[in-house]
Amino acid sequence: MSVKLGLLALLAESSMYGAQLRVEFEARTGGTWPLNVGQVYTTLARLERDGMVAQDPQADEDGRILYHLTPLGLEEVTSWWTTPVDRDETPRDELVIKLALAVTTPGVDVPAVVQTQRTATLRHLRDLTRLKMQASDQQASVSGTSNDLAWLLVLENLIFAGESEIRWLDHVEARLGVEAARPRRAAAPDPSAGATETSFDTIIKGAQQ
Amino acid sequence: MNEPILRMVDVTRTHGDGETQVHALRGVSLDVHPGELVAVMGPSGSGKSTLLNLAGGLDKATSGSVFIEGDEIGSLNANQLASMRRRRVGFVFQDFNLIPSLTASENVSLPLELDGVSVREGRRAAHLVLELVGVLELADRYPDKMSGGQQQRVAIARALVGDRRLVMADEPTGALDSQTGEGVLRVLRERCDAGAAGLLVTHEARHAAWADRVVFLRDGVVVDTTGSPAAAEDLLVGSGH
């Protein structure tokens, strides 16, 4: 998640000071990606260096320094809204790496790894569903705001992700069952292959092509 | 915690014998308390439906015991069992199973009327429970004039009518779109929050997530359970919201 673009998007609405940006960012995203104020000021300093934000000439009545977007910053955030999020750079998902290593490491009880994860993910899904029930009641109430809608959408995204993970684990389990039923040789290391060619990045990128 | 409404103790169900013998369920124990919704998940053939049928008295265990509100259903004769099912257990199926020639209210009151309750009393009870599940305005409507989601809400009302506090649901959202299915799960959840005990069989993790606990079955054996949820306050703290 780009904190930089998130802050630019908020500053496109109005000038804000650092602590205010942190509060707004967390309110819009339901506190799912908490920021510390130091992170906000570091990012603001980089954005200022790159000419995307600038400080207001005068501090507000409480002496706080407000930041506003420059034309370049506005151009950057406008471009963000109109271009898709880059999905080519596959994030290193610990679970994917763990399962991939589990199936290639002798002595690991892979079905147990799958089941333990499935139970944990389902527990997480249940907690998210409870939060979603509360959030959708709040959003539907007379006091519901656009921030409540944003929080609900974030929760639903996390629910879809959890569900997808469980479906993948079901698939892994089914495939393991099929594999267990047919005899096969263990993969031997290929001495001609360099370390980078067997890295997970290569495997995942290869699978995407 | 209160006494469980449903208690299964070391329940086994075997079909056939000799070489063709199949163990559909092997030594399953499970308690469902008032206010609790428990989901059962597992691959096809893992014993989910067998468990539901045994828990609801639609099938008899080969060994072990099933108690509903303290009564062991294995010790009941056919009449007693039928009566127990009508009075204490409600079923919700994937295809609703409403009788097309009866209105919503008549469908809901039917189990009570079969049990000797007067038509007037039955309709009164039906209206009460239709209101609880939010479809009182459909009381005089026939199933073919209702949407899938409405039919399933009526089916849940039928499962709860009278003082039945144990609800069994077998893939209750199967034919519904995701938004409508969610509405049905919400009703089920709310009825459990109000004191009913629910047992939900599903293969969808998203639906099982509405339950307090999820029990995983494989080859007729409980292989894992999620345990009970944290208190709502802890969830809120955990999320930072």
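Annotations
- Computed from the Cβ-Cβ distance with R0 of 51 Å, the FRET efficiency linking A:Leu176 to B:Val9 stands at 0.95.
- To the nearest ten degrees, helix A:18-28 and the longest principal axis of the Cα atoms of chain A are 50 degrees apart.
- Surrounding net charge for B:Arg124, when Lys and Arg each add one and Asp and Glu each subtract one, Cβ distance under 14 Å: -3
- Mean-square fluctuations from a GNM of chain A, with a 10 angstrom spring cutoff on Cα atoms, peak among A:His171, A:His124, A:His68 at A:His171.
- Residue-averaged beta-carbon neighbours from other chains (10 angstrom radius) around A:23-32: 2
- The Cβ shell under 15 Å around A:Ser141 holds other residues with a net charge of -1, Lys and Arg each +1, Asp and Glu each -1.
- Amide H partners (placed H, <5 Å) of B:Leu58, local residues excluded: none
- Mean-position separation - Cα centroids, segment A:1-42 and segment B:71-148, in angstrom: 54 Å
- The alpha-carbon atoms of chain A, seen along their principal axes, cover 75, 49, 29 angstrom, with the largest extent given first.
- Applying the Karplus relation 6.51 cos²θ - 1.76 cosθ + 1.60 with θ = phi - 60° to segment B:52-61 yields 3J(HN,Hα) values of 5, 5, 5, 5, x, x, 8, 9, 10, 5 Hz, where x marks Gly and Pro.
- Order of B:Tyr142, A:Tyr67 under a 10 Å beta carbon neighbour criterion, fewest first: B:Tyr142, A:Tyr67
- Note on chain A: with charges restricted to the Cβ of Lys and Arg (+1) and Asp and Glu (-1), its dipole about the Cα centre is near 920 debye.
- In order along segment A:58-67, phi translates into HN-Hα couplings of 10, 6, 6, 5, 9, x, 8, 8, 8, 10 Hz, rounded to whole numbers, per the Karplus curve 6.51 cos²θ - 1.76 cosθ + 1.60 with θ = phi - 60° and x for Gly and Pro.
- Cα gyration tensor shape of segment A:1-42, rounded if a/c is under 1.5, else prolate or oblate by comparing a/b with b/c: rounded
- Remark: segment B:128-134, residue by residue, has Karplus-estimated 3J(HN,Hα) of 4, 7, 5, 5, 4, 8, x Hz, where x stands for each Gly or Pro and the curve is 6.51 cos²θ - 1.76 cosθ + 1.60 at θ = phi - 60°.
- Positive-end residue of B:Leu136, B:Leu188, B:Thr173, charge dipole of segment B:97-204 with Cβ unit charges: B:Leu136
No value in this document is a laboratory result; all are computed from the given coordinates. Worth saying up front: this structure is predicted, and the values here are computed from it rather than measured. Note that each Cβ is placed from the backbone with ideal geometry, even for glycine, and that neighbours are counted across all protein chains shown.
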